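The structure appears right after this line, and notes come after that.
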Amino acid sequence: MEKIIILKYGELSTKKDNINYFIKTLKQNIGKVIEDVDFQIYYDFGRMYIYVKEEDIDYCLDRLKNVFGILEIIVGYKSNDLDIENIKNNVLDLVKAKEFNTFKVKTKRSNKNYPINSMEVSRLIGGYLLKNIKNITVDVHNPQLLIEIEIRNNEVLFYFNGIKGLGGYPVGTLGKGLLMLSGGIDSPVAGFLTIKRGVKLEAIYFESPPHTSDFAKEKVIKLCKILGQYNANIKLHIINFTEIQETILKNIPHEYLITIMRRMMYRISAIIAHNNKCNILVNGESIGQVASQTLTSMRVINEVVKIPVIRPVACFDKLEIINIAKKIGTYDISTLPYEDCCTIFVPDHPVINPSLKMATEYENHISYEELIHKAIKNHEVININIKEENKYQDLL
Amino acid sequence: MIYLDYSATTPVSYEVLDTISKVTKEFIGNPNSLHALGLKSAQLLESATKQIADIFGISTNEIIYTSGATEANNMAIIGVAMAHHRKGKHIIVSKLEHPSIYAICEYLKSIGFEIDYVKNDNEGLIDFDDLKRLIRDDTILVSICAVNSETGVRQPLKMIRQIIKKENIATIFHSDMTQAIGKIAVNFHDVDLASMSAHKIFGPKGIGFLYKSNMIKIVPLIYGSGKVNELKPGTPPLPLIAALSKAIRLANDSLEKRERFINLLNNKIITALEQYPNIKINKTKYSIPQILNISIMNVMPETFIHIMDKHEIYLSTNTACSSGDISSSIMAIYNDIKRAKHTIRISLSYVTTTEEVNKFIEIFKEEYEKIMQVK
C-alpha cells in the first residue's frame, strides 16, 4: 500500500461562499513549502490529499508543521483494491502492530456506486478485527484508535490518529499587514499571532546608525527568517531613523522623547503600509509594560494614524509572551544584547500620561514632514528568502 | 608512500586546506568586534557552528571549540569533577580509554577523587554487570570511549547510557568519540558529553570540540572574555573552526558506503596474514574496519616498523600517544602480556586504495618471511 498525506482543514466551518478561496490559497501555500519534491495535491471541502514519494514524506511533514490553516496532518495508506474482503485484510495488516484496547471504525463513501453503504462497511470491518485480534472492544465514544476508511472512485484510503497542525487560516487569505519589528521579544510574537489569522506580513524596522549597530540589523533579519517560515518569505523595510531621532533629541523636552518618537514611527509605518497595500499595522505593544504602552500613551501615539493598529499581545503577560517566543524559536535571538533605536536615548523619567495637546505643541517645533518624507524616500527593502543558501557555503 | 596510520592523524584534505587559506586571508575581523569585519567573521562562525549542529542534530550552544580531543577530555572530566564534587567524588572509566583520560584521572586522584575501572569481556565489550555494580550514589561521571583507538572496538553507548541512568540518574556520561566520528554513525543524544578532534578526519591539527548537553553543568577550566562561549573564552580560531566544520561535513558524507569499502580492505589484509601462526589478529566482532590490530609474536614491533619504514610504509606500534609501553587495550581484552607487547596497528581510511593494500601485503609477507629465516 502506498503512503499518502491527508490534511484536515483549520477553522473553515464559518466560511460559506468563499471557502474555495481559502482552500485554494492553502493549496498554493503548501505547494510553495514543498516545491523541492514532486507532489500532487487534490482536495475536496473536507480534506486535502498530498501524493508524494514515500522517501519524501518525512520532509513534507516537517514542512507542513509550519503551515497555517491545517488542523491535523495524517499519514494514511492508499489501496486500489475496492474488494471488501481485501479492505478487511488491509485494515487488519495496518492495525496489527498498533497497541490499543478500544477502537472505532468510521467509513466515508464518496463513491456512491459502491455496493455496500458506509455503516455496513464499518460494521463488517469492526467484526473482522474483533474476530482476529484478541482483547479489543469497540468504543464509539472514546476510542483509543480511530480507524477511518474512505472509499473513493478508484481507491480506498485508510488512516488513523494524526498529528496536530498549527491551525489558523491559510496565510494571505486575509490580506496584508505591516509588522513593526523592533528586535525585542514581543513584536515577533505579535507577528506570529497575526500570520496565524491568515494575514500575510511585511515588516518595518527602524535603525539609527551609528547609535545602533549592524549586529542589531542582523538580529532583525534573523527574526524575519523565523517569521518567514510561516509567512512564505517576508519583505523587510528598513528606515534610517537617525536624523529624526537626533532632531527630536535636540528640540523636544526629554520626558516627551519616547512619545514623539513613537508618533513619528507610526506616521512612517502608516505611509509604508499604504504604499505596499497593507491594511493594518501590527506591533508588540502590551498594555502597561513600559511608559509608552500605558493607555493614555497609546491613545496619544495612535492618534496620528487612521489605519487600524492590531496589538495581538496587548493583553498577554510577559511570561505568556516569552513562552510563545520560545516555542517559535525567536526568544534566543530576541535576547541578544544589541541596542535598538527604542532603547537608546531613553529619558530617566518618560511621561506616563502624556497629553495630546502638549505632544502636538512640541511637534510643531520641528519640521517633521520633510524628515519623514526623506526617510521614506531613502528606505531600504530586503526580500528575506528563508530558503536562501548560506552565503559562506563554499567555505564550509 | 603507503600511509596506514590514519588513526594517529590524517593529512589535511585539499578542500579543507582551501577553506583555511581563504578564511585566514579574507576574514581578518575578530568575531567579538562590533565593526563590519567583526560581523562578517561572526556570521561565518555562526554558519560553521550551525552546520556542525545540524549534522549531529544538536544545538549550536552545545558545541564548545577546543584545541583537540585532549583538551575536550580535560574540559569534560575536570569540568564535571569541579562542578559536582559536592555530590560525590567517584568517577568510573573503562580500561580501553585513550591515555589522556588516564592522565586526567591520575590528577583527579591526587586531589581526592576516587577512580574505578570497569571491566570488559574478551570481545572488548564493557561488562554491564560490573558497571552496574560500580555505580554508586556518589558516582558523578562515567567516561567510556565510543571506539577504542588501538583495537577499534566499538561500545554500545545507548545501552551503556541506559544502564548508567537506571542506576543513578544524576551520573553524567562522557564519551571520547575521537576515533568514531567520521568513521561510523554516532548519536550525541546517547551521551551528555563527547570529545572529538579534526585531525583524525582530514582536518587541521589544533581544533576539535566538546559536545555538552544543555541539560548538564560543568565549570570552566580557563577564564577570560569574549561572547562566543563562557567555557572557552578568547578569540575563536575562525580558519580552524571553518575547517573543522567542513571536515565534519566531508567525513559524514556516505559513511556506510565507505565503511563497506574499508571492510573489504580489512578482510583482505586479515586473509593474507592469518596464514602465519605467529601473527595474531586482535579483532573482535565489535571492531570497526578502519582499525586493524595485529600482534607479531616473535618479532619486536619497533623492529618491524623500522623495516616497513624503509619501504615508505607507515604503521604504528600501539598508538601514537602511548608508543613504547605495552598495549593496555590488548592487555585488557586478551590478558596476554606477550601479545600486548607485540602489537602493530594498521589503520585504514576511505582514501586507502586496493593497490596500496596489495602492495603492503606483498612487502609485509616478503619482509616477514625474511626475518623468519634469520630467526
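Would you work out if segment A:176-393 is rounded, prolate or oblate? Take a ≥ b ≥ c from the square roots of the eigenvalues of the alpha-carbon gyration tensor; rounded if a/c is under 1.5, else prolate when a/b is larger than b/c, oblate otherwise.
Here segment A:176-393 falls in the prolate category.
Given a 1.4 Å probe and the protein chains all in place, what does the accessible area of A:H254 round to, in Å² to the nearest 10?
A:H254 exposes around 100 Å² with every protein chain in place.
How many angstrom lie between the Cα centre of segment A:244-300 and the Cα centre of segment A:112-176?
52
Among the aspartates and glutamates, which fall within straight-line cross-link reach of A:K357, defined as a Cα-Cα distance under 13 Å, with same-chain neighbours fewer than 8 residues apart omitted?
Correct list for A:K357: A:E303.
If packing is taken as the average number of other Cβ atoms within 10 Å across a peptide's residues, how do B:210-221, A:104-115, B:174-185 rank, most packed first?
Going by the mean number of other Cβ atoms within 10 Å, highest first, we get B:174-185, B:210-221, A:104-115.
Kirkwood-based Rg over Rh for segment A:135-231 (C-alpha set), two decimals?
1.28
Round to the nearest 10 and give me the degree value, 0 to 90, for the angle of helix B:69-84's Cα axis relative to the longest principal axis of chain B.
Helix B:69-84 sits at roughly 50 degrees to that axis.
Under the Karplus relation 6.51 cos²θ - 1.76 cosθ + 1.60, θ = phi - 60°, what is the ordered set of whole-Hz ³J(HN,Hα) values for segment A:270-281, x standing for Gly and Pro?
Each residue of segment A:270-281 in turn: 4, 5, 4, 4, 4, 5, 10, 6, 8, 8, 9, 9 Hz.
Taking N as the number of residues in chain A, what is its Cα Rg relative to 2.2 N^0.38 Å?
After normalising by residue count via 2.2 N^0.38 Å, the value is 1.26.
Of all beta bridges DSSP finds with both residues in chain B, what is the antiparallel percent, to the nearest 5?
55
List every residue whose amide H lies under 5 Å from the amide H of A:Y9, counting only residues 5 or more places away in sequence or on a different chain, with H placed 1.01 Å from N in the peptide plane.
A:L71
Need one value for B:41-47: mean number of C-beta atoms belonging to other chains within 10 Å of its residues' C-beta atoms.
3
Using only the Cα atoms of segment B:104-223, build the gyration tensor, take square roots of its eigenvalues as a ≥ b ≥ c, and label the shape rounded, prolate or oblate: rounded if a/c is under 1.5, else prolate if a/b is larger than b/c, else oblate.
oblate
Compare each residue of segment A:212-231 in its chain alone against the assembly with all protein chains, and report those whose accessible area goes down by 50 Å² or more; 1.4 Å probe, heavy atoms.
A:F215
If you take the square roots of the eigenvalues of the alpha-carbon gyration tensor of segment A:212-260 and sort them as a ≥ b ≥ c, do you get rounded (a/c under 1.5), prolate (a/b over b/c) or oblate?
prolate
Just to check, using Stokes-Einstein with a Kirkwood Rh over alpha carbon pairs, what's the diffusion coefficient of segment A:69-164 at 20 °C and 1.002 mPa s in µm²/s?
157
With the cut-off at 31 Å, tell me which of the pairs A:K32/A:K318; A:K225/B:K22; A:K108/A:K200; A:K3/B:K183; A:K96/B:K183; A:K131/B:K166 have Cα atoms farther apart than that.
Where the Cα-Cα span goes over 31 Å, the pairs concerned are A:K32/A:K318; A:K108/A:K200; A:K3/B:K183; A:K96/B:K183; A:K131/B:K166.
Residue by residue, what Karplus-based ³J(HN,Hα) values in Hz, rounded to whole numbers, does segment A:321-335 have, using 6.51, -1.76 and 1.60 with θ = phi - 60° and x for Gly and Pro?
Those phi angles translate into 5, 4, 4, 5, 4, 5, 5, 8, x, 9, 4, 5, 7, 4, 8 Hz.
Ignoring everything except DSSP H segments at least 4 long, calculate the 222 nm mean residue ellipticity for chain A; use -39,500 (n - 2.57) per segment, divide by total residues, nearest 500.
The helix contribution divided over chain A gives -11500 deg cm²/dmol.
Relative to the longest principal axis of the C-alpha atoms of chain A, give the angle of the C-alpha long axis of helix A:214-231, reported between 0 and 90° and rounded to the nearest 10°.
The answer is roughly 30 degrees.
What list of ³J(HN,Hα) couplings, whole Hz, do you get for segment A:31-44 from phi and the Karplus terms 6.51, -1.76, 1.60, once you set θ to phi - 60° and write x for glycine and proline?
x, 5, 6, 10, 5, 6, 10, 6, 8, 9, 10, 10, 8, 10
Give me the compactness ratio for segment B:42-157, meaning the Cα radius of gyration over 2.2 N^0.38 Å.
Cα-based Rg divided by the globular estimate yields 1.20.
Express the Stokes-Einstein translational diffusion coefficient of segment B:189-256 in µm² s⁻¹, to the nearest whole number, given a Kirkwood radius over alpha-carbon pairs, 37 °C and a viscosity of 0.692 mPa s.
Roughly 242 µm²/s, to the nearest whole number.
Would you work out what percent of the accessible area of segment B:45-177, with all protein chains in place, is carbon or sulfur (probe 1.4 Å)?
50
A:S213's amide H: which non-local residues (gap 5+, or another chain) put their own amide H closer than 5 Å, with H modeled 1.01 Å from N in plane and none for Pro or chain starts?
A:E339
Can you return the aspartates and glutamates within cross-link range of B:K283? Criterion is Cα-Cα under 13 Å, with same-chain partners fewer than 8 residues away left out.
Counting by Cα, and skipping residues close in sequence, B:K283 has these aspartates and glutamates nearby: B:E123, B:E150, B:E274.
Could you check how many percent of all C-alpha pairs in segment B:14-251 are farther apart than 24 Å?
Summing the P(r) of segment B:14-251 above 24 Å gives 44 percent of all pairs.
Going by alpha carbons, how many degrees (0 to 90, nearest 10) lie between the helix axis of B:157-167 and the longest principal axis of chain B?
60
Grab every C-alpha pair in the protein assembly as shown, bin the distances at 20 angstrom width from 0 up to the longest one, and report whole percents.
13, 33, 34, 17, 2, 0
If R₀ is 22 angstrom, what is the calculated FRET efficiency for the pair A:K112 and A:N154, using the beta carbon separation as r and rounding to 0.05?
0.95
The values are calculated or read from the model by the stated rules, or taken from the named source; none is laboratory data. These numbers come from a predicted model, not from an experiment. All Cβ positions, even for glycine, are placed from backbone atoms using ideal geometry, and neighbour counts span all protein chains on display. Areas reflect the complete protein model, heavy atoms only, side chains present, ligands, DNA and RNA absent. Shrake-Rupley method; radii C 1.70, N 1.55, O 1.52, S 1.80 Å.
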